[in-house]
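The structure appears right after this line, and notes come after that.
Just so it is clear, none of the values below were taken in a lab; they were calculated from the coordinates. Remember, it's a predicted structure, so these values are computed and weren't measured experimentally. Methodologically, a virtual Cβ is constructed for each residue, glycine included, from the backbone with ideal geometry; neighbour enumeration extends over all protein chains shown.
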């Protein structure tokens, strides 16, 4: 071989010569003695190279021999190899199908394997629905416990306590069986002292519940705090967090979620319910081998479980599936769509049969008005969308700033004290205003409600003209004094909720933010709606109103404005699109309102995206430094693979393992000195021709196992990755064959590949690392962490914030 | 493999049975007399104030004529009055509510007792070693993260049930301490 010619050629063609010198300086040896023949007879079994028919069966034997326990599993805080998991599942499926022709038992086994997915979805739906029912009923009871207790049975909440007795029309809350704390202690409920006693008991109960919650979280399952959705997004993209979806996390999250919601804090239970449902999914996966051993299949089940979680939180099965598709899942094959729908439906049906709200409704704020809306009302709806977008961007910025402060300063050292102080402030500020004293779900339900003649709440205290009432169709009326009081109380509640939620989301108790955002939006929407209604009533002769809103007509529905406002604010914070609209119209049953909801959701997303690119969950992922490769953004820079790969210019050369010349001692030294999670295997150090890739964990397990179980393996034994052992003198110790743990098909790109394509490959295939070659020789390696750091660097963010490997 | 299959089938059947037990109270107990009602809300009409009427009748009898007693308006006005009233049939299950609340309170009580046991009693029973400080923030003691991180099958087979339970409890405590370090001390996750 003309080496000089090769060198000349390489100097002319390569652009950065210094990197290429190492490769170009080696001797180019095309002899075939070191490596396997290119047409490996194991593939076809037809050639007779080097030995004959026996070799055709060796692959079959390698495959049938059981892998060591532990090989093929992953370490904590590592990324899975999607390609390997998927191909393992296909192999398993092929094996079962081929064996099913042998005996009846094998046929039954193959049929049951096919059905195991559906059976698993059924179990997940049942368990998630039951847990959601338990959470709902307990949360209702404990929320009311802050205000009083039922004498007819302490387990009844306020509504159920007064179920049997006759309440008056104007005062629907009072009944003899329900006693507030001041009535119980003092004997009467009126007067300043009784008010102060009620206030005091309310704050004491709130503090007790939240302290209990944070102590349980800290003592038993620290992973149970927060919302859970950012971490579940990361897990579904291929990351491993051991214990995050375990039994103790499930129990503690369920229990403390009830406590946190009942303590009156400004948080919701939808996000944590998704976490609870995913825990159920993960735990039930252990019943089926197909899902227990394969991480990729397990993530399909977790996507479906997330859909079931949202479905029971909102009573919206279709919205749940779309939420899982849009927000939570990374890969969503079509088969998962149908199974997620099944799981969501079973969960919703289970919850309905437990019947937590006593009237076969799934959610507390199911409204069913069908008033038409007019085209001109789109203007206030778009205004609500703008408000939602602005609030969403403001909330994300301030919440992330506060969470960053919690992460980096001394504030993070006192989690229990932080929860105590925030609960105290929330309870003290919330009690005087009746709209903050009631639970947030009740508030939203009242705001969505359209006022009819049967309503007697303060918000519906309009000036009634009795002569013109016909049935339930009330015209627009002038606001009575009750409405004005309600308006300024609601405005105060809005201000309080806007600020207190910033400090509440992210504390060390389970906290969701769907309900608080919907509350902020509903209050803003209702205020605007009542304002529009009064404007239309007093100025019905203006041009904009005269066409469609004549006197005596019922044209403006403030409840609809509240709904649209809730959707706008939720969209501004989470940046959901289709799933939000579907959830909202499944919540309300109003298909006529799809257009206003869509208009508001779109406007709010555009406004919020103009201010800040990320939704709240992506912002939290970036704050925590999870290795999540965003699937939605375009990579638009012109860098090449060789700019990103390691080793860089001044780094030591790539750590490789040769295929047949290193001893056990050498390999162990490499493992101890470096912390890489995988090593490329090359033919020899001189040629650097790639054979495959081997993972660190598999190497460690195999070597340890070989030292213990296989005889003759000592530190000077040679490790070989080829099919046949290299020829050695007979006095040398027995050799260790590790071909079974070698990945023979690692992904490679050339050094001139644009990074756009490399990022695309990482996203679409779910790679963990990719080898870089130059002219067929191994040059370097790009890992997912390198890609993330590169993206962060180009976006002028701190590349050191990518923490995990 | 057959034994594994039998074990898995048995555990799935057990799970289904448990779920049925949880769900059967609502299925059975909906029909006791104190669990159904028909609620009619009648608004103010002329000079009669608004009123709410409750009566436990079945669903087919749930209308204004059966429930609103005594009728506050004379005979020819009844129809106009009843058009304004809205009657709804509602069902609930008190047994479900009672069972769920009692389950919840017992779980919370059990967890509190266990926490008290771990904090107060456990350190007195065991000899103090590195793993018996369950609720305090851990100092940063980085263990050598080499081959020790790989889970190897434990050498000494713990034979008695008590030793196995203790071993499991120690492992769980270690896991919780790791989690606590990650979340509360190093703020690596769940900021």
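With the cut-off at 1.5 for a/c, could you classify the range B:35-92 from its C-alpha gyration tensor as rounded, prolate or oblate? Note, shape of the range B:35-92 comes out prolate. Taking Cα atoms only, the orientation of helix A:295-314 departs from the longest principal axis of chain A by about 0 degrees. Which distance in Å, rounded to a whole number, links the C-alpha centroids of the range A:677-702 and the range A:730-756? Taking the Cα centre of each part, the range A:677-702 and the range A:730-756 sit 4 Å apart. The relative contact order of the range A:288-423 comes to 17 percent, based on Cα pairs under 8 Å that sit 6 or more residues apart. With the simple model of a label 7 Å out from the Cα in the direction of the Cβ, residue A:715 to residue A:425 spans 6.1 nm. For the range A:180-218 versus the range A:506-584, the spacing of their alpha-carbon centroids is 33 Å.
Report the antiparallel proportion of the DSSP beta bridges in chain A as a percent, rounded to a multiple of 5. Walk me through the numbers before you get to the answer.
On the way: 22 of 30 bridges.
Restricted to chain A, the bridges split so that about 75 percent are antiparallel.
What the Cβ-Cβ distance of residue B:79 and residue A:170 gives, at R0 = 22 Å and to the nearest 0.05, is a FRET efficiency of 0.30.
When the square roots of the Cα gyration tensor eigenvalues are ordered a ≥ b ≥ c, the ratio a/c for the range A:641-795 is 1.5 or more and a/b exceeds b/c, which makes its shape prolate. Apply the a/c threshold of 1.5 to the C-alpha gyration tensor of chain A and tell me whether it is rounded, prolate or oblate. It is prolate, given that a/c is not under 1.5 and a/b is the larger ratio.
Go ahead and estimate [θ] at 222 nm for chain A from helices alone: -39,500 (n - 2.57) per DSSP H run with n ≥ 4, summed, over the residue count, rounded to 500. Don't skip to the end; give the middle numbers.
Values: 32 runs with 439 residues, N = 805.
Value at 222 nm, helices only: -17500 deg cm²/dmol.
Ignore the peptide's own chain and count Cβ atoms of other chains within 10 Å of each Cβ in B:50-58; give me the average, rounded.
Working: counts 6, 4, 8, 1, 6, 1, 1, 0, 0.
Counting Cβ atoms of other protein chains within 10 Å of each residue's Cβ and averaging gives 3.
Annotation: the antiparallel percentage among DSSP beta bridges lying fully within the range A:641-795 is about 70. Once each part is reduced to its C-alpha centroid, what is the distance from the range B:50-79 to the range A:226-293 in angstrom? Centre-to-centre (Cα) distance: 49 Å.
What is the packing order of peptides B:52-58, A:118-124, A:234-240, taking the mean over residues of other C-beta atoms within 10 Å and listing the highest first? Walk me through the intermediate numbers first.
On the way: B:52-58: 15.7, A:118-124: 21.1, A:234-240: 22.9.
Per-residue Cβ counts within 10 Å, averaged per peptide and sorted highest first, yield A:234-240, A:118-124, B:52-58.
Assuming R0 = 41 Å, can you tell me the calculated FRET efficiency for the pair residue A:685 and residue A:95, based on Cβ-Cβ distance, to the nearest 0.05?
Details: r = 38 Å, r/R0 = 0.93.
The value I calculate is 0.60.
When each of the peptides A:293-302, A:316-325 is scored by the mean number of other C-beta atoms lying within 10 Å of its residues, the order from highest to lowest reads A:316-325, A:293-302.
How do A:582-594, A:753-765 rank on mean C-beta neighbours within 10 Å, highest first?
Details: A:582-594: 19.9, A:753-765: 17.4.
Listed from highest to lowest mean packing, they are A:582-594, A:753-765.
The angle between the Cα long axis of helix A:3-13 and the longest principal axis of the Cα atoms of chain A comes to about 30 degrees, rounded to the nearest 10.
Counting only other chains, and only Cβ atoms inside 10 Å, what mean value do you get across the residues of A:404-416? Numbers along the way, then the final one.
Working: counts 1, 1, 2, 5, 2, 0, 0, 0, 5, 4, 0, 3, 1.
Partner Cβ neighbours, averaged per residue: 2.
Please find the FRET efficiency linking residue A:760 to residue A:122, where r is the Cβ-Cβ separation and R0 is fixed at 41 Å, and quote it to the nearest 0.05.
Working: r = 37 Å, r/R0 = 0.91.
My answer for the efficiency is 0.65.
For chain A, the relative contact order comes to 14 percent (Cα pairs under 8 Å, sequence separation of at least 6). Other protein chain C-beta atoms within 10 Å of residue C-beta, averaged over B:41-49: 4.
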